[in-house]
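Colleague: The structure under discussion is supplied below as structure tokens; questions concerning it will follow.
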Amino acid sequence: MAEERKTLQINAELFIEVVRKNIKNMHLAVYPPTGRVRISAPLRINDEAVRLFAISKIGWIRKHQRSFVEQERRPPEQYKERESHYFQGRRYLLRIIEHDAPPKVILKSKTYIELYVKPNSTKAERQAIINWWYRIELTKLIPPIVERWEKQVGVTVLDWRIKQMKTRWGTCNIPKKRIWLNLELVKKPLHCLEYVILHEMIHLLERLHNDRFYKFMEHYLPQWKFHRDELNNLPISHEEWLQ
């Protein structure tokens with residue numbers, strides 16, 4: 001049966017695109033840059049059930065619509081006091097602490113990233129210290145994930161490395177069995193890092209992005225598409241599991 005599409009008005013301001021198709025669960029997505037909302041629903045779910053589901057998620061919808069507005073307005077990092085920075089998917093405020101000692105970074109509770117720097121440090125120096133800390137933290141996160149998936153997938157990663165990449169989250173040198181990972185992944189939720197690592201490791205089984213490759217992804221990480229979409233912020237999604 002073909003997909004059924006319609007627009008459902010939830011309140012005076014919220015209109016939702018509803019797509020009915022042969023699926024088991026209700027899936028809600030908010031798309032940038034305008035915050036467009038879409039719900040994919042099983043064929044058996046009627047409009048009233050979709051409406052109630054949307055109403056129950058209005059807070060979640062508004063939160064992520066606001067996040068897109070903030071992303072549009074957010075200027076490049078200046079590495080100054082109380083600026084927003086991210087680590088493992090969580091937002092922190094930067095706290096600058098000047099001291100005459102070697103620089104360091106400390107994660108303070110769930111609120112602050114404390115950056116210890118010498119007085120009159122420049123933006124470039126602060127950025128270099130933060131990136132140094134990011135690299136150390138990402139280096140800690142990668143090995144257990146690689147080791148776990150090596151056992152499950154049955155492949156061996158001989159080497160992995162980190163670098164700043166502008167257009168890719170990761171790459172795989174298949175002959176050398178080496179994986180490269182983008183430093184920016186340290187700012188994303190841990191499951192997004194895991195998705196990228198698994199993606200590159202699957203290339204050791206299948207070089208191309210073909211049906212065989214995606215069958216492996218579905219087998220080992222059925223929710224990989226949601227992690228991919230979250231990683232790229234397109235869309236921010238929520239799934240409701242139906243009984």
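Colleague: Using the alpha-carbon atoms, what tilt in degrees (0 to 90, nearest 10) does helix 123-153 show relative to the longest principal axis of the chain?
Modeller: Once rounded, the angle reads 60 degrees.
Colleague: Quick check: the angle from helix 190-202's long axis to the longest principal axis of the chain, C-alpha only, nearest 10 degrees?
Modeller: Once rounded, one gets 90 degrees.
Colleague: What distance in nm separates the two pseudo spin-label positions at N173 and L208, each 7 Å out from Cα along the beta-carbon direction?
Modeller: Distance between label points: 2.5 nm.
Colleague: Still on this structure, please answer the following. Let's see if you can work this out: charge +1 on each Lys and Arg Cβ, -1 on each Asp and Glu Cβ, no other charges. What is the dipole magnitude of segment 164-217 about its Cα centre, in debye to the nearest 20?
Modeller: 180
Colleague: Using only Cα atoms, tell me the angle between helix 47-56 and the longest principal axis of the chain; keep it within 0 to 90° and round to the nearest 10.
Modeller: Helix 47-56 sits at roughly 30 degrees to that axis.
Colleague: If the elastic network links every pair of Cα atoms under 10 Å, which of L158, L14, L183 fluctuates the most in the Gaussian network model of the chain?
Modeller: L158
Colleague: Now for a separate question. Got a sec? Charge dipole of the chain, +1 on Cβ for Lys and Arg, -1 for Asp and Glu; which of L208, W160, A101 is way out at the positive end?
Modeller: A101
Colleague: Once the piece of chain linking E81 and F15 is laid out straight, how much longer is it, given 0.36 nm per residue of separation minus the C-alpha distance between them?
Modeller: 19.9 nm
Colleague: Give me the dipole magnitude in Debye, nearest 20, for segment 4-74 about the Cα centre, with unit charges on the beta carbon: positive for Lys and Arg, negative for Asp and Glu.
Modeller: It works out to roughly 200 debye.
Colleague: Also: Among H199, L115, P189, whose Cα projects farthest towards the positive end of the dipole of the chain, with charges put on the beta-carbon of Lys, Arg (+1) and Asp, Glu (-1)?
Modeller: Positive-most Cα among the choices belongs to L115.
Colleague: Still on this structure, please answer the following. Would you grab the residues whose amide H sits under 5 Å from the one on I113? Only those 5+ places off in sequence or on another chain, please, with H modelled 1.01 Å from N.
Modeller: L93, L94, R95, K108
Colleague: Next question. Lys and Arg at +1, Asp and Glu at -1: add these up for the other residues within a Cβ distance under 9 Å of W180 and post the number.
Modeller: Every neighbour counted, the sum reads +3.
Colleague: In segment 108-138, whose amide N lies under 19 Å from the spot 7 Å out along Cα-to-Cβ of E98? List them in ranges.
Modeller: So the set is 114-130.
Colleague: Between E125 and S109, what is the spin-label point distance in nm, taking each point 7 Å from the Cα along the Cα→C-beta axis?
Modeller: The modelled label-to-label distance comes out at 2.9 nm.
Colleague: Another question about this same structure. Which net charge results for the neighbourhood of I97, defined as the other residues with beta-carbon distances under 11 angstrom from its beta-carbon, given Lys and Arg at +1 and Asp and Glu at -1?
Modeller: Counting the neighbours of I97, the net charge comes to +1.
Colleague: Moving to a separate point now. Evaluate E = 1/(1 + (r/R0)^6) for Y220 and E147, where r is the Cβ-Cβ distance and R0 equals 22 Å; express this FRET efficiency to the nearest 0.05.
Modeller: My answer for the efficiency is 0.90.
Colleague: Work out the length of the dipole vector of the chain about its Cα centre, built from +1 on the beta-carbon of each Lys and Arg and -1 on the beta-carbon of each Asp and Glu, and round it to the nearest 20 debye.
Modeller: Magnitude of the dipole: close to 240 debye.
Colleague: Right, here's the next one. Sort the following peptides by mean Cβ neighbour count (other Cβ atoms within 10 Å, averaged over residues), highest first: 34-47, 202-215, 163-176.
Modeller: Taking the mean over residues of other Cβ atoms within 10 Å, the ranking is 34-47, 202-215, 163-176.
Colleague: Which value in deg cm²/dmol, rounded to the nearest 500, describes the helix-derived mean residue ellipticity at 222 nm for the chain, given -39,500 (n - 2.57) per DSSP H run of n ≥ 4 and division by the residue count?
Modeller: So the helix-based figure for the chain works out to -12000 deg cm²/dmol.
Colleague: If you don't mind, another one. In the set [x] 26, 19, 18; [y] 30, 20, 16; [z] 36, 28, 13, which value of semi-axes √(5λ) of the Cα gyration tensor in Å was calculated from the structure you see?
Modeller: Only one listed value fits the structure, namely [z].
Taken together, the values in this text are just the output of simple stated rules run on the coordinates, not laboratory data. Being a predicted model, the structure only gives us computed values, none of them experimental. Virtual Cβ from ideal backbone geometry, glycine too; neighbours counted across all protein chains shown.
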